[in-house]
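Step one of this worksheet: look at the structure below.
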Amino acid sequence: MTSPNTTQEAKSSSESVATNLFSPFTLRSVTFRNRIAVSPMCQYISENGFANDWHLVHLGSRAVGGAALVVVEASAVEARGRITPDDLGIYLDAHVEKLKQITQFMESYGAVPGIQIAHAGRKASTLNPWKLGNRHVKQALSNEDGGWDVVGPSEVPFSDTSRLPAALSVSEIHEIQDKFVDAAKRALAAGFKFLEIHSAHGYLLHSFYSPLSNFRTDDYGGSFENRVRFLLETVEKVRRAWPEELPLSVRISASDWVEGGWTSDDSVQLARLLKQRGVDIVDCSSGMLRSGDRYNMGPGWQVPLAEAVRNGAELPTVAVGEITEPEQANKIIAEGKADLVMLAREFMRDPYWPYHAAKTLGIDAATLPKNYTYAL
């Protein structure tokens, strides 16, 4: 469990110097050299859950490129928790060795190594989208074609073409929670200093707290308190296993954007409960609970969610979603709408985005931390 006020003290101290995108930021014992993070991005290039040289180059180049935090893609806590057979995993002790090489490289260039641990739930057992040729389509894999049985809160599939999930029993819920704990321990052994629990985008934990996918009538369904129980219990168990001096994050879908679904007000209430359980920062994404739902996407479209949670729960947040321009990212930080910005597609286009952003913003390299390898 967290020390009293640890996160709030870190937030307060960071706000006093948070003048721009390149101000340092501290959570617990970890200081980020700026406010720029690489979002976890599935690469669909693993075999049996193992990282390889692709991950070393992909992640390492973003560390060299100046990001303060580089978060490894959603890494499954068990084999059936993978989205596709080609997903990264952290469910075997043998997965640690390569990941450790990657974290050591990232740290040597001044980036904080982070990892997102995840369970795909009812969105699991699908074909690699790069092999399918369309990342927006989820094609179910049968067991005969290399797929596996999937699970969820209720026997309700993600889409008309998805596999029908088996509703988890209470004992099975507890078993999966223990797998999150085991994954956290492996993440620590691999050298990660920032841990994020994936509870967004329609994956297992999100599917439990959204009323649009959870139709249970036991202690894990029905009321708000029951629907968030799986996540809160998981956080409590992981926080006990994860060192007190290291930050813990949770990524949530802060709104389902659908009438009758999860709302930003729900997210503020959830964030308060997460804060009580030792979560240091909430990564505010949204949506993707059901196939067919559509969103009014645009530049910075999810930033108001991060701002609402930050103000409502008095907890640091991460802003994501079509953040592409240096001035845009800088404004998010300068106006106190979030404490970190995470970029995904923009980092795929430009691994050295922080360098170019600093130049655009006129940041003096001499004012930056010494471990910030600079090439202006």
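The values are calculated or read from the model by the stated rules, or taken from the named source; none is laboratory data. All figures in this text were calculated on a predicted structure; none of them were measured in a lab. Heads up, the Cβs are rebuilt from the backbone with ideal geometry, glycines too, and the neighbour counts pull from every protein chain shown.
Of note:
- Checking S207 against (1) part of a loop (DSSP other than H, G, I, E, B); (2) under 28 Å from V268 (Cβ atoms); (3) of a type outside the set (D, E); (4) under 20 Å from the mean Cα position of the chain (by Cα), the condition it does not meet: (1)
- Taking each residue of segment 283-309 that is more than 17 Å from S210 (Cβ to Cβ) and looking for partners that are surrounded by fewer than 24 Cβ atoms within 10 Å (Cβ to Cβ) and of a type in the set (S, T, N, Q) with beta-carbon atoms closer than 6 Å, six or more apart or interchain, yields A308/S264.
- In segment 212-229, the residues that are assigned to a helix (DSSP H, G or I) form Cβ pairs under 7 Å with partners that are charged (D, E, K, R) and at pLDDT 95 or above, at six or more places apart or across chains, as follows: F224/D266; N226/D219; R229/D219.
- Total residues in segment 220-230, condition out of contact with any Leu (no Cβ under 7 Å at 6 or more places or on another chain) and crowded, with 18+ Cβ neighbours inside 10 Å: 4
- Residue within segment 80-100 that is assigned to a strand (DSSP E or B), in contact (Cβ under 8 Å) with a residue 60 or more places away in the chain and surrounded by 22 or more Cβ atoms within 10 Å (Cβ to Cβ) present: no
- Within the span defined as segment 155-169, one or more residues are at pLDDT 95 or above and of a type in the set (D, E, K, R).
- For segment 101-128, a residue qualifies if it is part of a strand (DSSP E or B), among the small types (G, A, S) and more than 20 Å from E245 (Cβ to Cβ), and exactly one does: A118.
- Residue check for A67: small (G, A, S), crowded, with 21+ Cβ neighbours inside 10 Å, in a strand (DSSP E or B) and modelled with pLDDT of 95 or more: no
- Qualifying residue in segment 241-249 (condition: in contact with a helix residue (DSSP H, G or I) (Cβ under 8 Å, 6 or more places away or on another chain), of a type in the set (S, T, Y) and under 21 Å from I323 (Cβ atoms)): no
- Every condition in (1) assigned to a helix (DSSP H, G or I); (2) within 23 Å of E233 (Cα to Cα) is met by V279 except one, and the failing one is (1).
- Residue in segment 124-138 that is surrounded by 21 or more Cβ atoms within 10 Å (Cβ to Cβ), in contact with a Phe, Trp or Tyr (Cβ under 6 Å, 6 or more places away or on another chain) and at pLDDT 95 or above present: yes
- Meets criteria (within 24 Å of L340 (Cα to Cα), under 19 Å from the mean Cα position of the chain (by Cα) and surrounded by 16 or more Cβ atoms within 10 Å (Cβ to Cβ)) for A184: yes
- Search result, residues across segment 29-85 that are charged (D, E, K, R) and over 23 Å from T324 (Cα atoms): E47, D53, E78, R80, R82
- Hits in segment 162-187 - residues which are assigned to a loop (DSSP other than H, G, I, E, B), hydroxyl-bearing (S, T, Y) and free of Cβ contacts under 8 Å to residues at least 40 places away in the same chain: S169
- Residue in segment 29-48 that is nearest to K337 (Cα to Cα), counting only those that are within 18 Å of the chain's Cα centre (by Cα) and not aliphatic (A, V, I, L, M): R35
- Odd one out for K138 among (1) out of contact with any helix residue (DSSP H, G or I) (no Cβ under 9 Å at 6 or more places or on another chain); (2) closer than 23 Å to S199 by Cβ; (3) of a type in the set (K, R): (1)
- Residue check for E107: of a type outside the set (A, V, I, L, M), within 19 Å of A140 (Cα to Cα) and either surrounded by fewer than 24 Cβ atoms within 10 Å (Cβ to Cβ) or under 15 Å from the mean Cα position of the chain (by Cα) (or both): no
- Residue selected from segment 231-257 under the condition within 21 Å of V309 (Cα to Cα) and among the hydrophobic types (A, V, I, L, M, F, W, C), by the criterion surrounded by the fewest Cβ atoms within 10 Å (Cβ to Cβ): L232
Here's the yes/no breakdown for (1) among the hydroxyl-bearing types (S, T, Y); (2) within 25 Å of D182 (Cβ to Cβ):
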| position | (1), (2) |
| --- | --- |
| G60 | no, no |
| A63 | no, no |
| E73 | no, yes |
| G81 | no, yes |
| T84 | yes, yes |
| A94 | no, yes |
| I102 | no, yes |
| V156 | no, no |
| D160 | no, no |
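- Among the residues of segment 291-320, those identified as assigned to a loop (DSSP other than H, G, I, E, B) and either more than 17 Å from G202 (Cα to Cα) or at pLDDT 95 or above (or both) are N296, M297, G298, P299, G300, W301, Q302, E314, L315, P316, V320.
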